[in-house]
Amino acid sequence: MTDMLEVIVKRMEPLAKLENVSDFRKLEELSSALNRFQPAGLMDKIQAIAQNVSHLTSRVEQLLQTSLTTRREVSFYEKARGKDSSQCEIPKDPNFPDCLGKIEWMRARWTSDPCYAYYGVDGTDCSFLLYLSEKEWFCPPLPWKNRTAFLSRTETKVQQQAIYRMDFTQLLELMGSGKESLIFMKKRIRRLSTQWISAVQSLKEKLEMRKRQRKKILVHLGFLTEEAGDVFSPVVSKGGPLGELVQWADILATLYVLGHSLKISATLRELQSFLGVPPGRGSCPLTAPLAFDLIYTDYHGLQQMKQNMGLSFKKYKCRIRVIDTFGTEPAYNFDDYANLHGYRTNWGHWNLNPKQYMTMFPHSPDNSFMGFVAEKLNNTEKEAIQSSKVNNMAVVYGKEANMWKGKAKYLEVINNYMEIHGTVYYETHWPPEMPMFVKNHGLLPQHELQRLLRKAKLFIGLGFPYEGPAPLEAIANGCIFLQPRFNPPHNSKNNEFFRGKPTSREVSSQHPYTDYFIGKPYVWTVDFNNTEELASAVRSILATKVEPYLPYEFTCEGMLERVHAYIQYQDLCDTVFLSWPQKLARHFSPSPNATNQITFSRNVIGLFWSPNATKVLTWPPVSSMRFQVSATAQSCTNACQEHGLICEPTFFQFVNNKAIFDKFNFVCDSIESEANHLYPAFEEIAQDCYLQKQILLFSCAGHHPKYRRLCPCRDFRKEQVALCKGCL
């Protein structure tokens, strides 16, 4: 059998060099022959041989895909045969201005990618026009063509209702096996299954049997593909970073429990199959309309989709959600602006709606907060913890030895009052970065780490890693979290870790979320370089008693609630930026509580939102909107936070108007409209007013010593900052 396969591959070698349509017919004939002769394991063996013949790999992949395709359309070449050239003249239609240019490109380059021949292009103008009118839509349909095919591009959707799931068997099967990363994620889902089931029952009651649309969702784990290096699997059992795996496991569980139709890919081949990528080098659109309402992926997966979807990527990219731990600010996301103003990085620059980036913590209002969950204790477990706590026991946050480097001085101060434990991975020798007075347990499985945290009084941050899930898990197990304050704050300009990341955010502590949203008595943030301040904090902690605490937004129910709202209401493919006529200015009314705040009268709210409406025109609803003017050199993020609010970039469309300047009596010697991520804004000294010209640059982030920014804010649900009070 192996000899026969090798003969087949040898005969494929000259075909790999062929270009014209008749040659491709030969390739198709070989494909057809293989389809008629497929003993068990044949395709797997062909693939194995192909891996050893590197210069033929791409052709073998094309052959396999073609041979397995069951929905191949009739050749365009055959359809066009018999039409004289007058019927294929290049149309001059003002509605299709790019048609001629695309035809000229096809004449010169149609052999550059085999996918064109796959769709029937054969070098004739007729085939070019057929392709460009029915696949890429740059040209009008040919007059002699049946318009039914052209009109069939309109997608019809049959809405199905989502039914909550409480059995994880199907999800675990969908995830596959083999990779250590997937094994870790599946173990986590099993461990939390009881909490997910309890949470979905509670959410079901809260939503009062409200109908929910069932979405078709693809989850592509790009970071686990071989093309992306799959850097996580080799270090899962050696103390490597697992925050991303924790989050992805919880995302999968959330989408599944909410009842949506899921496909999961962790290889490039699976992605191509699910999307319907034609054979070739990725220049052509997908073979059929995208079968998914939403795609959750990461930056690696985003790049892989762009390389494989052709023009379909631009058409469907609004359906993509990018899981992005630290966030992507609009100045880095809008490519032209990033290039002109020094914000270009290896990430970012995708020209997405910034809300398509989904973060681990709610630190970037320009993005959407996806989050994860921490295990929640029941009342019996909480009572058991109170009796088992060891008051002078501390556990250090840091599984890798290099995280301890240079930290001995801080730990010695704490060791004067408490016994310090570590969970650092090592194979044979004691990690030299770890002080000898530390009791190291080695790398612990999750359930054993939970047991250790339930005994400990204190959880110590060393300054790195930034913003991981462990501090929340420790607080949920009854620990107090002690972390270093950063002065000056860490950012992309002064810290190697943040350098190159698509954000200018300034991180003032190891875990800003716990500092800002939780705080004392659960979280103590001190200057670790000040030994007196550190010692004083430890003494105070020893005298402080806390119970296990977990913010609602990091419970299973909180994550289900948040993601449910995103899926049902956050439509980023149908974003309508509303005009703001001058006559609506009368609906602005200054708040009696603040000179820099504006609220909205019921009349203007009624224009965009109604409690009984079946579809919200603007989400979050305008009823949640509040308006602030920042101080100079202050971002909208901070301006809203000062008033207990959250900056909401969706509402910039309402404040990006001259009427706002008039209402606040700002004297504008000039009003300019420019693309700038700090606009709309007012410059007091020059008395110049600025409006935003590019909607992708509406940004809560960013500040400048000359500008006071016009900031749209909103209220939020207690311990669910991603959702306004009326967002469910």
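The values are calculated or read from the model by the stated rules, or taken from the named source; none is laboratory data. Being a predicted model, the structure only gives us computed values, none of them experimental. Quick reminder, even Gly has a Cβ in these numbers, built from the backbone with ideal geometry, and neighbours come from all protein chains shown.
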Discussion item. Which numbered condition in (1) surrounded by 17 or more Cβ atoms within 10 Å (Cβ to Cβ); (2) assigned by TED's automatic domain parsing to the domain that holds ALA543 is the only one that ALA374 fails?
Written reply: (2)
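Residue-by-condition table, conditions (1) surrounded by fewer than 20 Cβ atoms within 10 Å (Cβ to Cβ); (2) of a type in the set (Gly, Ala, Ser); (3) at pLDDT 50 or above:
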residue	(1), (2), (3)
ALA543	yes, yes, yes
TYR552	yes, no, yes
GLU557	no, no, yes
CYS573	yes, no, yes
VAL576	yes, no, no
SER579	yes, yes, no
PHE588	yes, no, no
PRO592	yes, no, no
SER601	yes, yes, no
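Can you pull out the residues in the stretch 663-716 that are among the aromatic types (Phe, Trp, Tyr) and touching a helix residue (DSSP H, G or I) at 6+ places or on another chain (Cβ under 7 Å)?
Applying the first criterion (among the aromatic types (Phe, Trp, Tyr)) to the stretch 663-716 yields 664, 666, 679, 682, 690, 698, 707, 716.
Matches in the stretch 663-716: PHE682, PHE698.
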Item to complete: Give the stretch 517-541 a look and list any residue that's over 14 Å from ILE475 (Cα atoms) and surrounded by fewer than 16 Cβ atoms within 10 Å (Cβ to Cβ), or say none.
Response: ASP527, ASN529, ASN530, THR531, GLU532, GLU533, ALA535, SER536, ARG539, SER540
Item to complete: Could you figure out which of (1) among the acidic types (Asp, Glu); (2) out of contact with any Asp or Glu (no Cβ under 8 Å at 6 or more places or on another chain); (3) modelled with pLDDT of 95 or more isn't true of GLU383?
Response: (3)
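Which is buried (at least 19 other Cβ atoms within 10 Å of the Cβ), touching a helix residue (DSSP H, G or I) at 6+ places or on another chain (Cβ under 6 Å), hydrophobic (A, V, I, L, M, F, W, C) and under 28 Å from PHE498 (Cα atoms), of ALA470, ALA474? Let's see the steps before the verdict.
Numbers: ALA470 fails: touching a helix residue (DSSP H, G or I) at 6+ places or on another chain (Cβ under 6 Å).
None of the others qualify; the one that does is ALA474.
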Worksheet item: Conditions: (1) surrounded by fewer than 20 Cβ atoms within 10 Å (Cβ to Cβ); (2) of a type in the set (A, V, I, L, M); (3) farther than 21 Å from TYR116 by Cβ. ALA288 meets all but one. Number of the miss?
Response: (3)
Worksheet item: Here is a list of conditions, (1) touching a residue at least 24 places away in the same chain (Cβ under 8 Å); (2) not in a helix (DSSP H, G or I), and VAL231 meets all of them except one; can you say which number that is?
Response: (1)
Item to complete: Kindly provide the set of residues from the stretch 252-266 that are more than 18 Å from GLN160 (Cα to Cα) and not hydrophobic (A, V, I, L, M, F, W, C), ordered by number.
Response: THR254, SER265
Worksheet, complete the sentence: Picked from the stretch 416-463 (must be modelled with pLDDT of 95 or more and aromatic (Phe, Trp, Tyr)), the residue nearest to LYS520 (Cα to Cα) is PHE459
Item to complete: Filter the stretch 89-143 down to residues that are small (Gly, Ala, Ser) and touching a Pro at 6+ places or on another chain (Cβ under 8 Å), then give me how many there are.
Response: 1
Item to complete: Under 6 Å between Cβ atoms, at least 6 apart or on separate chains: pull out the pairs that start in the stretch 123-138 with a residue that is under 14 Å from ARG107 (Cβ atoms) and end on any residue that is among the basic types (Lys, Arg) and assigned to a loop (DSSP other than H, G, I, E, B).
Response: CYS126/LYS83
Discussion item. Condition first: out of contact with any helix residue (DSSP H, G or I) (no Cβ under 6 Å at 6 or more places or on another chain) and assigned to a helix (DSSP H, G or I). Now tell me which residues in the stretch 115-141 satisfy that.
Written reply: CYS115, TYR118, TYR131, SER133, GLU134
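Taking GLN450 as the residue in question, decide whether it is outside any loop (DSSP other than H, G, I, E, B), in contact with a strand residue (DSSP E or B) (Cβ under 9 Å, 6 or more places away or on another chain) and not hydrophobic (A, V, I, L, M, F, W, C).
On the way: outside any loop (DSSP other than H, G, I, E, B): yes; in contact with a strand residue (DSSP E or B) (Cβ under 9 Å, 6 or more places away or on another chain): no; not hydrophobic (A, V, I, L, M, F, W, C): yes.
When the stated conditions are applied, GLN450 does not pass them.
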Practice prompt. Return only the number of the condition from (1) part of a helix (DSSP H, G or I); (2) crowded, with 19+ Cβ neighbours inside 10 Å that ARG190 does not satisfy.
Written response: (2)
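For the stretch 690-705, indicate whether the set of residues that are over 27 Å from the mean Cα position of the chain (by Cα) and in a loop (DSSP other than H, G, I, E, B) is non-empty.
Keep residues of the stretch 690-705 that are over 27 Å from the mean Cα position of the chain (by Cα), which gives 690-691, 704-705.
Next, only the ones that are in a loop (DSSP other than H, G, I, E, B) stay: 704-705.
So far as the stretch 690-705 goes, yes, one or more of its residues are over 27 Å from the mean Cα position of the chain (by Cα) and in a loop (DSSP other than H, G, I, E, B).
Confirm whether GLY240 is part of a loop (DSSP other than H, G, I, E, B) and at pLDDT 95 or above.
Details: part of a loop (DSSP other than H, G, I, E, B): yes; at pLDDT 95 or above: no.
For GLY240, the condition - part of a loop (DSSP other than H, G, I, E, B) and at pLDDT 95 or above - is not met.
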Worksheet item: Of the residues that make up the stretch 407-415, is at least one of a type in the set (A, V, I, L, M), without any contact (Cβ under 8 Å) to a residue 40 or more places away in the chain and either closer than 21 Å to LYS389 by Cα or surrounded by 15 or more Cβ atoms within 10 Å (Cβ to Cβ) (or both)?
Response: yes
